[in-house]
Amino acid sequence: MTDTLHFDIIADTASPDFAAAMAIYLEAFPAAERQPVETVRQRVADGRSQLHIARSAGRVAFMALLWPFVGTDFILLDYLATEPAFRGRGIATRFMANMRTRLEAQGTNLVMEVEDPAHGDNPEERRRRLELYRHLGARQLEGIHYLLPPLHGSKPTDMILMLFPGCPEGFIRGELVRRLIIRLYAELYGRGEDDPLLDSSLAHIHPRIKLV
C-alpha cells in the first residue's frame, strides 16, 4: 500500500496537529528518555526546536523533533516516531530521504542519540531502533560511549551517537565531537562542563573517529 503523505512543520502549539504529534511522542518513548510535553511546547513555540509531521488520510501519522545547533553543521534529530497504526509503511524512510537531499545540499548532518542495545532492560526494542537508523543510512561514531542525562529519575541511559548522512571521508575529527557533546549537554539538558556524566561521555575521544 502506498500512502499519500503530506509533510509539514508545525509551529502552532495550540493546534490539533501538535496534540496528535505529542500523543505519538508519549507512546513511543519511555519517561526516562523524553522531555516533558510542556518543555517541547516551549521549545517549538520559541523556535529553538522544529516539529515535523506527516499526515496520511487526514491523520498525523509521524512526528520528528529537530534541534539545530546554531553556528554549526549539526542538527540533532531529537525524537522520531510513527503512530502505531501507520508503522511498517516506510514513512520514516521517506522523511529521511527528504532530509538527505536538504542536508547534502547544505553540507549538514543530523546527529542521533540512539539507545545502546548492550545496556538496559529492553535490548530487543533498542536493537530494532538501532537497525532502523542503520537502514535509513545513519552511521555510528565508533568508540563513543555517550550517557543521556536522566530526564526522569536518576539513572542515565547508555546511548550510541550516529550521524546522517555522514561524512564522505568516513571519519570525523574528535574535537568536533567533543564540542558537539558539550553543546548537547548545555542546550538540551542544561548541564555545565563540570557535570560528571559529561566528563564520562567525553572520556577517550580520539583525534579521529571512524563512522561505521
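The values are calculated or read from the model by the stated rules, or taken from the named source; none is laboratory data. Predicted, not measured: the structure shown is a model, and the values here were computed from it. Because the Cβ atoms are built from the backbone with ideal geometry, glycine has one as well, and the counts that use them run over all protein chains shown.
Of the residues making up segment 18-55, just one is in a helix (DSSP H, G or I), buried (at least 18 other Cβ atoms within 10 Å of the Cβ) and either among the hydroxyl-bearing types (Ser, Thr, Tyr) or in contact with a Lys or Arg (Cβ under 6 Å, 6 or more places away or on another chain) (or both), namely Tyr25. Does at least one position in segment 78-86 carry a residue that is more than 16 Å from the chain's Cα centre (by Cα) and at pLDDT below 95? Within segment 78-86, none of the residues are more than 16 Å from the chain's Cα centre (by Cα) and at pLDDT below 95.
Residues considered: Asp17, Asp73, Asp46. Of these, the only one that is free of Cβ contacts under 8 Å to residues at least 40 places away in the same chain and closer than 21 Å to Met96 by Cβ is Asp73. Annotation note: of Leu148, Leu141, the sole residue that is at pLDDT below 95 and closer than 21 Å to His119 by Cα is Leu148.
Of the conditions (1) under 22 Å from Ala32 (Cα atoms); (2) without any contact (Cβ under 8 Å) to a residue 40 or more places away in the chain; (3) within 16 Å of the chain's Cα centre (by Cα), Val177 fails just one. Which one is it? Of the numbered conditions (1) under 22 Å from Ala32 (Cα atoms); (2) without any contact (Cβ under 8 Å) to a residue 40 or more places away in the chain; (3) within 16 Å of the chain's Cα centre (by Cα), the odd one out for Val177 is (1). Residue count for segment 56-69 satisfying the condition of being surrounded by fewer than 17 Cβ atoms within 10 Å (Cβ to Cβ) and at pLDDT 95 or above: 2. Within segment 180-212, the set of residues being free of Cβ contacts under 8 Å to residues at least 60 places away in the same chain and aliphatic (A, V, I, L, M) comprises Ile181, Ile182, Ala186, Leu197, Leu198, Leu202, Ala203. Taking the criterion of being out of contact with any strand residue (DSSP E or B) (no Cβ under 7 Å at 6 or more places or on another chain) and closer than 22 Å to Phe29 by Cα, the residues of segment 146-175 that qualify are Pro149, Pro150, Leu151, His152, Gly153, Ser154, Lys155.
Suppose we filter Leu147, Leu151, Leu176 for residues that are hydrophobic (A, V, I, L, M, F, W, C) and touching a Leu at 6+ places or on another chain (Cβ under 8 Å); which single one remains? Residue meeting the stated conditions: Leu147.
Checked against the criteria, Ile24 does not count as touching a helix residue (DSSP H, G or I) at 6+ places or on another chain (Cβ under 6 Å) and not aromatic (Phe, Trp, Tyr).
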